[in-house]
2 protein chains.
Amino acid sequence: MTSILMIDDDVALTQLVAEYLQLDGYQFKAVHQGPEGLELAKSNAFNLILLDIMLPGMDGLTLLKQLRQHSYCPVLMLTARGDEIDRVVGLELGADDYLAKPFSPRELVARIKAIVRRVELIQQQQQPQLSTVQVNSLRLDSAKRQIFVQDNTLILTATEYQILELLMRHAGDVVSKEDLSQLALGKRLQLYDRSLDMHISNIRKKIAQYDEGEKIQTLRGLGYLLLKGEH
Amino acid sequence: MTSILMIDDDVALTQLVAEYLQLDGYQFKAVHQGPEGLELAKSNAFNLILLDIMLPGMDGLTLLKQLRQHSYCPVLMLTARGDEIDRVVGLELGADDYLAKPFSPRELVARIKAIVRRVELIQQQQQPQLSTVQVNSLRLDSAKRQIFVQDNTLILTATEYQILELLMRHAGDVVSKEDLSQLALGKRLQLYDRSLDMHISNIRKKIAQYDEGEKIQTLRGLGYLLLKGEH
DNA sequence: CACTCCTTTACACAACCTTTACGTTGGCTT
DNA sequence: AAGCCAACGTAAAGGTTGTGTAAAGGAGTG
């Protein structure tokens, strides 16, 4: 079960969030003091931490900094409206996402789900995986770090390989641009960042050299998809 | 099975690491005291040791120094963020790699795998091997310690011979620069160290004297590769 | 001190990733 | 249906990083 720790001095807000998240099946705990929150956070007993920037006793950014000395636990920052500076500093310190107050519970749950899903994706990457995967005319050989199209070897750069491997290992599922960026490029997707699009474009060109029919589909606003099976 | 010993006083961290490594199929044991750790480490019962630099009772670097009197067991150092001095001293004392806290479990597993793979490569080198290997127009005669190109003897230095032998014995696979440096040059690859590149360059020139077609391929960011088989 | 070999230095270049710019698409509003 | 706009496709330019290699430097040997 996913367990969430919320560190926020606004008791009414934590109670509201508690109701929503417990309704959604999350284990939830809230504390209202910075130092107490840090201790709990360092215990690694939670899958996700909701962290208010404005805290009595200890600033949220300071807390995050200290937490990052010990733990990579995902952190979703909560801050006063549009405080762009906090946002930038927070993301630099390793927060996973940012949500401005006031937020709707619906939006909070959506962000939480996105983070949890990505963490699961990452953990899945660490599991032993099939060393060879076949998707239609594409064949992945991860031992040799090569991908073939109908027995032709694709000449891919390291980044292109990582992206295509991800798509192949999740063939049939949509892979979001945010996930692709974090897992293959190692950075969060920024507004107006088109580099992932370019990589996709280049991969498509290289595949099309050998098989015009094998296509990476675009799902506008959602991500990319490699269809598998008979069509 | 690969068994790993972790020496770190942070109990929560060792438990976290334990979960991840056991999930990945490693045998794992953790101790939280320096002296106890040294005793266990000296037993040679482990394939790899994760060693924290900051330890109560006995400093990690001191421990490493004493361990190296008895054992060549691979050591991966764990240290506070960016403590460059510890890093340098540690690597000089014979640590195999270095990881700054906090690290992601994913990164830890990747480093562990890299070390284990290299150790296996070294052990493989020590096994009895085929005394002659043929790769396209290249022929290795390890009894004579010579390499021929289409019946022409290559005049190679000791280092060049070792590098080319490694590439030939792993023809078809990428051999990383890190591995080549450690196995053929006997030292870790440092940033801006170009000596391996020079050896490769010289080997290429000598091969090209006799066969323009026989090429050592470069895989940017990965290593070098000697392609084998019909083309 | 001549010789060989390994390493370092320095510069050029190529491969790669990202950004820019502009064209296209598809969903949504009016 | 027309118009709008954000998301996407991609060519080309820009910037960064890794690699190739000549030449100089250093270390060891006889």
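The values are calculated or read from the model by the stated rules, or taken from the named source; none is laboratory data. Computed from a predicted structure; not experimentally measured. In this analysis, Cβ positions are derived from the backbone assuming ideal geometry, glycine residues included, and neighbour counts consider all displayed protein chains.
Screening residue A:208 on (1) on the phi > 0 side of the Ramachandran plot; (2) within 16 Å of DNA strand D (Cβ to nearest atom) shows it passes everything except condition (1). For segment B:202-224, which positions are more than 9 Å from DNA strand C (Cβ to nearest atom), assigned to a helix (DSSP H, G or I) and not β-branched (Val, Ile, Thr)? Passing the criteria: B:204, B:205, B:206, B:208. The listed residues are B:15, B:27, B:22, and the only one of them that is exposed (fewer than 15 other Cβ atoms within 10 Å of the Cβ), farther than 29 Å from residue A:41 by Cβ and either within 23 Å of the chain's Cα centre (by Cα) or within 14 Å of chain A (Cβ to nearest Cβ) (or both) turns out to be B:27. Looking at segment B:39-153, the helices (runs of 4 or more DSSP H) lying wholly inside it that each contain 1 or more residues that are in contact with a strand residue (DSSP E or B) (Cβ under 7 Å, 6 or more places away or on another chain) and among the charged types (D, E, K, R) sit at B:84-92, B:105-126. Filtering segment A:174-222 to residues that are closer than 17 Å to residue A:97 by Cα and either outside the structural domain of residue A:148 (by TED's automatic domain parsing) or polar (S, T, N, Q) (or both) leaves A:176, A:181, A:182, A:190. Would you call residue A:139 surrounded by 14 or more Cβ atoms within 10 Å (Cβ to Cβ), in contact with a Ser or Thr (Cβ under 9 Å, 6 or more places away or on another chain) and away from chain B (no Cβ under 13 Å)? It is true that residue A:139 is surrounded by 14 or more Cβ atoms within 10 Å (Cβ to Cβ), in contact with a Ser or Thr (Cβ under 9 Å, 6 or more places away or on another chain) and away from chain B (no Cβ under 13 Å). Mind checking which residues of segment A:203-217 are loosely packed, with under 11 Cβ neighbours inside 10 Å and small (Gly, Ala, Ser)? Of everything in segment A:203-217, just one residue is loosely packed, with under 11 Cβ neighbours inside 10 Å and small (Gly, Ala, Ser), namely A:213. Residues in segment A:218-229 that are within 8 Å of DNA strand D (Cβ to nearest atom), of a type outside the set (A, V, I, L, M, F, W, C) and surrounded by 11 or more Cβ atoms within 10 Å (Cβ to Cβ) were compared, and the one that is farthest from residue A:94 (Cα to Cα) is A:218. Just checking, does segment A:31-48 include any residue being touching a helix residue (DSSP H, G or I) at 6+ places or on another chain (Cβ under 9 Å) and within 17 Å of residue A:98 (Cα to Cα)? Yes - at least one qualifying residue is present in segment A:31-48. Looking at segment B:143-197, which of the residues that are touching a residue at least 60 places away in the same chain (Cβ under 8 Å) and surrounded by 14 or more Cβ atoms within 10 Å (Cβ to Cβ) is nearest to DNA strand D (Cβ to nearest atom)? The extreme case among them is B:178. Restricting segment A:169-201 to residues that are assigned to a loop (DSSP other than H, G, I, E, B) and among the polar types (S, T, N, Q), the residue that is modelled with the lowest pLDDT is A:190. For segment A:96-136, residues that are under 12 Å from the mean Cα position of the chain (by Cα) and either of a type in the set (Val, Ile, Thr) or more than 14 Å from chain B (Cβ to nearest Cβ) (or both) total 10. Scanning segment A:146-198 for residues being more than 17 Å from the chain's Cα centre (by Cα), more than 20 Å from residue A:210 (Cα to Cα) and more than 10 Å from DNA strand C (Cβ to nearest atom) gives a total of 1.
For segment A:38-81, a residue qualifies if it is small (Gly, Ala, Ser) and surrounded by fewer than 16 Cβ atoms within 10 Å (Cβ to Cβ), and the qualifying residues are A:43, A:45, A:57, A:80. Within segment A:165-177, is there a residue that is touching a strand residue (DSSP E or B) at 6+ places or on another chain (Cβ under 9 Å) and within 14 Å of chain B (Cβ to nearest Cβ)? The answer is no; no qualifying residue exists.
Can you work out which of the residues in segment A:42-58 that are within 13 Å of chain B (Cβ to nearest Cβ) and either over 19 Å from residue A:120 (Cα atoms) or over 23 Å from the mean Cα position of the chain (by Cα) (or both) is modelled with the highest pLDDT? Among them, the one singled out is A:42.
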